[in-house]
Amino acid sequence: MTFPPRPWLAGLLASLAVAGAQAADEYSFDAAAFEKKPFELGGFVQFKQEDSALNRDGAFYQLGYFGQPQRASLDRSTATVELTGKLRGGIGTFDFHSHSDLQSDQLGHAQSNVLYEAAYSLRPDPGITLEAGKRTLRWGKGYSWNPIGFVERPKDPNDPDLAREGYAMADADLIYNRDGPLQTVAFTPVLLPVQHDVNSDFGSSGHLNPAAKLYLLYRDTDIDFAWQGQGSRPARYGADFSRNLTSNFEIHGEWARIQKFPKPLTDSQGQVGSKVGNATSYLLGLRYLSENDTTYIAEYYRNGTGYSGQEAGQFYQLVATAFAQLQETGNSALVQRALKLSQGSYGRPNPGQRYAYFRVQQKDALGIVYFQPALTAMLNLDDRSYQVTPELLYTGVNNLDLRLRLYSLRGERFSDFGEKQNSRRLELLMRYYF
């Protein structure tokens, strides 16, 4: 399928040309801007237009559009507002982060209002912080995935910097700095309770879910040790590290072990079972900045909770069998079973076991200040399916980001990216900060 010409695409290119002439404004420094104020409020408004070519042969298209009119494409418009704020008083600080959006496409309209974060913290000493509320913790050194992100919602590897909803918790930061090879020690204990109406998507209710992270800065190497106790989820532990080998070359890694992890499995006939065992996940990566201001990021991710090519193939075969049965007999029981499985671990964005990630981004390309084209690739190493995403980013207009992306997915039948709902998606994003 080819995308028809879009008026907004021409408008974007025209905006880049005009804004490029304004990018050389002189930089001014205002010391007052860095002073802490009693109250701060900021955020952004965003408009995103998506044009998707749907993969009508894909398992997730068939399940997602089951019982709906069939279509070859979908155009979606999304308006988003995110607000962040801080209120300071003495040793206490209250901060919040809200997210609201309104979506419209050929299927209808939808809106959501989510409070990502809202927490009150006390800092009686520079090395002690105590807080309670809804918080997004960010554990791990990986750019695209975080195996030791035990008490946070997973990143979207397509946009790792996106803000995410946190969990209600009580936590603390205890920091000690010293001279010598071991320069900093920090300890972060966490309690993440789960009840029917609190953190219900974290796991089974009735648990406090203790967790902790120990951070060390040792000989210019960042090291973390993380742990989460048995509770709503199986117990797990892990570690990570990050080190600059030179000023422009960094390496990082993560390792996690989950004990007695139950993994749902199905065969091509819809017989569902569960395999329980210890799961090991790890990530190795690097980041390199060239003399020409080109940034390279490469990562290898081994997902111990994921499905092998054969295991995932059984699910995709189940979907094919289910819809063949529906067409022949009108019986949708097997489709309903496949649909339920797709809403669990099989429907995760990256359900496979082994992935490679690569990203390259050029600063001030073609001599245009603040123009940063990039290319991102993600490969499932078990079935050789992949996604390639070229993008154009321009930030030369004050407080305004303009981004154009094209997601292109390729893979054989019964492969990870070959069975996704979309085969291609063109996305224009305009974000204004205030």
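With coordinates expressed along the principal axes, the C-alpha atoms belonging to segment 39-433 extend over 73, 54, 40 Å, beginning with the largest. Taking 7 Å steps out from each Cα toward its Cβ at Phe249 and Lys363 produces label points 1.9 nm apart.
Spin-label pair Leu286-Gln336: with each label point 7 Å from Cα along the Cα-Cβ axis, the two points sit 5.4 nm from one another. Here the calculated FRET efficiency for Asn177 and Asp105, from their Cβ-Cβ distance with R0 = 51 Å, stands at 0.45, rounded to the nearest 0.05. Comparing Asp156, Asp125, Asp101 in a Gaussian network model of the chain (Cα springs below 10 Å), the most mobile by mean-square fluctuation is Asp125. Between Ala377 and Phe44, the contour length at 0.36 nm per residue exceeds the Cα-Cα span by 117.1 nm.
Hey, with R₀ at 60 Å, roughly what FRET efficiency would Asp293 and Thr329 work out to, going by the Cβ-Cβ distance, to 0.05? Can you show the working numbers first?
Details: r = 61 Å, r/R0 = 1.02.
For Asp293 and Thr329, the calculated efficiency is 0.45.
All other residues whose Cβ lies under 9 angstrom from that of Asp171 are scored, Lys and Arg at +1 and Asp and Glu at -1, for a net of -1. FRET efficiency for the pair Leu214 and Lys86, taken as 1/(1 + (r/R0)^6) with r the Cβ-Cβ distance and R0 = 30 Å, rounds to 0.60.
Exceeding 24 Å between C-alpha atoms, which entries from my cross-link table qualify? They are Lys263/Lys340; Lys141/Lys213; Lys36/Lys141; Lys86/Lys134; Lys155/Lys213.
In this structure, Lys36/Lys141 lie more than 24 Å apart at Cα.
Note on segment 315-342 and segment 214-291: Cα centroid distance 34 Å, given to the nearest whole angstrom. Spin-label model, Ala356/Gln195: points 7 Å from Cα along the beta carbon direction are separated by 5.0 nm. Highest mobility in the GNM of the chain, judged by mean-square fluctuation with C-alpha springs under 10 Å and restricted to Gly43, Gly149, Gly253, is found for Gly43.
Here, each number is a calculation from the coordinates, and none is a lab measurement. Keep in mind the model is a prediction, meaning the values are calculated, not measured. Please note: Cβ atoms are built from the backbone with ideal geometry, for glycine as well, and neighbour counts cover all protein chains shown.
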